[in-house]
1. With the condition kept exactly as written, say whether any residue in segment 298-306 is surrounded by 15 or more Cβ atoms within 10 Å (Cβ to Cβ) and in contact with a Pro (Cβ under 9 Å, 6 or more places away or on another chain).
2. Condition check: under 22 Å from the mean Cα position of the chain (by Cα), crowded, with 21+ Cβ neighbours inside 10 Å, more than 27 Å from R409 (Cα to Cα) and touching a residue at least 40 places away in the same chain (Cβ under 8 Å). Does R134 satisfy that?
3. Could you tell me which residue of segment 63-85 is farthest from M335 (Cα to Cα), considering only residues that are assigned to a loop (DSSP other than H, G, I, E, B) and of a type in the set (A, V, I, L, M)?
4. Can you tell me which residues in segment 23-62 are of a type in the set (K, R), part of a strand (DSSP E or B) and over 22 Å from M467 (Cβ atoms)?
5. Go over the candidates R487, R504, R476 one by one and state the one that is surrounded by fewer than 14 Cβ atoms within 10 Å (Cβ to Cβ), outside any loop (DSSP other than H, G, I, E, B) and either touching a residue at least 24 places away in the same chain (Cβ under 8 Å) or touching a helix residue (DSSP H, G or I) at 6+ places or on another chain (Cβ under 9 Å) (or both).
6. Which condition from (1) open to solvent by 30 Å² or more (accessible area, probe 1.4 Å); (2) under 20 Å from D422 (Cβ atoms); (3) small (G, A, S) is the one that S3 breaks?
7. Looking at (1) part of a loop (DSSP other than H, G, I, E, B); (2) open to solvent by less than 40 Å² (accessible area, probe 1.4 Å); (3) over 23 Å from I306 (Cβ atoms); (4) of a type outside the set (S, T, N, Q), which one does A149 not meet, given that it meets all the others?
8. So E482 ticks every box in (1) touching a Gly at 6+ places or on another chain (Cβ under 8 Å); (2) in a loop (DSSP other than H, G, I, E, B) but one. Which box is left unticked?
Amino acid sequence: MTSQYERRLQLLQQSSNQNLLSGIRHGIEREGLRVSADARLSQLPHPEVLGKTLTHPYITTDYSEALLEFITPVYCKVEDVMTFLEELHSYTCRNLDGEALWAGSMPAFLEGEQGIPIARYGDSNPGKMKYIYREGLAHRYGKAMQTIAGIHYNFSLPESLWQVLSDAESSDHSLEDFQSESYLAIIRNFRRYSWLLMYLFGASPAVSKSFFTQEAPNQTLEQLDEDTLYMPWATSLRMSDLGYTNNAQSSLSICYNTLGEYVSSLAAAIKTPYQPYEAIGLKSDDRYLQLNTNLLQIENEYYSNIRPKRIAKRGEKPLTALSNDGVEYVEVRCMDINPLEPLGLSSVDAAFLDVFLVFTALMESPEIDHDECQRVTENFALTVSEGRRPGLKLNDDQGPVALTDWGLRLIDKMVPVAQMLDQGNESDLFSKSLEQQRAKLLDSECTPSAKILQALKSSGDSYIDWMLKQSQAHSRYFSQQEIQPERLDYFGRIAAQSREDQERLKATDTTDFDEFLKRYFESE
């Protein structure tokens, strides 16, 4: 009996469907700290020449005023996404005035909480809300955790492909519902297999002591030099308990089996009081300390490796948009910034993400029960902390299995997907991406995490010193890249437009902030 995966492959390999995969849509969000020449977090405001972070479509900030975030438009070709991302970096690096963009996920030298400025977005109500949300994160989790940077990869399959699958499988659901269910199926499979991404792309095995506000946890970290701590077999400290940790959220049971369950479980968390956050208080005198005292202030506070997304209409909440119109795309959130790559990832890396995500879309994806949920969580956690340990075993549904054996089996299974993507894009990039990943599974020294540790040991540099050299080299590379005059003009116009838009927003914003916030949480 043929599996769903085989049936779907055969369907997409038919001549009439061969171009469907050329309609995949991608976008990338890359975060990066601005740092001074001595690797300290920038204390300067966001460069005015780059525009206003509240209203700029491509250059904004995440948690800190020093934490830049680049957002590409959506493109069908990986190469187009990467080209635009490089132009954003080149334009920005020309305007950083002696500063550099930090090349890694784990932060530069931190000088305590007071040295981490929270991002500011102006005096309009939406701007104030963004600031207070970040203030809440500081009180809840500390500021250091929020300086960790990553790459988000946004991915969607064309509606025409969902239509072909829906017709072939005689679905009795609307196309919108079939599409939403299919994206949730991708997310469930992503959770099953995302340990593989952490082995292949994890790039944060070391960290500076300055990251820890108190004594570093000695039981898990070893000392490489006076300032550098590391885990010998780790792939990604960023995605481990040392990085994005959140004890409060461990009690959340966010379900990906249906869209309704996902929306309702997140919405409930935003309304569920949480005593430790109530103890912080909502306000101090007239100053807000957080948006509310519940488990989550807003949806974005939920830390997950992948999210279902829908672009919200103006004034619409993200969860409301999902509930009303279904899932439009997924956002992969577990990718480290690779300091060996100027952009933090390569075109080949992005091509593999496409292969991986199409694979998760075509594979069977039963609902995840409690036991499997525990298993996939443990596989992920083990890979980020010990992924390169020789002979490491994970657990699949049959029992213990060597990580490398399981990984190679998955790569073999993805070969026809890569071939279809090559054909649809008239390229060999996707098959090449599989071979690069196969090499990493055959030899863990080929992984970014192993290469970084080797570079630290052979150079004798500390984490901070080595990463600063990488950051400065990347900045020089970007500053030397040619940008077409019309592109420079375009970025200049966008920056000017963002300044006008922010002023307009402030001028038309007449609602009292307390009332604005009340309406926000009452709206559906």
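The values are calculated or read from the model by the stated rules, or taken from the named source; none is laboratory data. None of these values were measured; they are calculated from a predicted model. No Cβ is skipped: glycine too gets one built from the backbone with ideal geometry, and neighbour counts run over all protein chains shown. Side chains included, ligands, DNA and RNA excluded: accessible areas come from the protein's heavy atoms. Shrake-Rupley method; radii C 1.70, N 1.55, O 1.52, S 1.80 Å.
1. yes
2. Values: under 22 Å from the mean Cα position of the chain (by Cα): yes; crowded, with 21+ Cβ neighbours inside 10 Å: yes; more than 27 Å from R409 (Cα to Cα): yes; touching a residue at least 40 places away in the same chain (Cβ under 8 Å): yes.
Spelling it out, R134 is indeed under 22 Å from the mean Cα position of the chain (by Cα), crowded, with 21+ Cβ neighbours inside 10 Å, more than 27 Å from R409 (Cα to Cα) and touching a residue at least 40 places away in the same chain (Cβ under 8 Å).
3. At the first step, the residues of segment 63-85 found to be assigned to a loop (DSSP other than H, G, I, E, B) are 63, 65-66, 72-74, 76-77.
From the residues that got through so far, the ones that are of a type in the set (A, V, I, L, M) too are 66, 74.
Values: A66: 20, V74: 18 Å.
My answer is A66.
4. As a first pass, look at segment 23-62 and keep what is of a type in the set (K, R): 25, 30, 34, 40, 52.
After this cut, where a residue has to be part of a strand (DSSP E or B) as well, the list is 25, 30, 34, 40.
Residue satisfying the conditions is R25 alone.
5. Details: R487 fails: surrounded by fewer than 14 Cβ atoms within 10 Å (Cβ to Cβ); R504 fails: either touching a residue at least 24 places away in the same chain (Cβ under 8 Å) or touching a helix residue (DSSP H, G or I) at 6+ places or on another chain (Cβ under 9 Å) (or both).
From the options R487, R504, R476, the qualifying one is R476.
6. (2)
7. (3)
8. Only one criterion is unmet by E482, namely (1).
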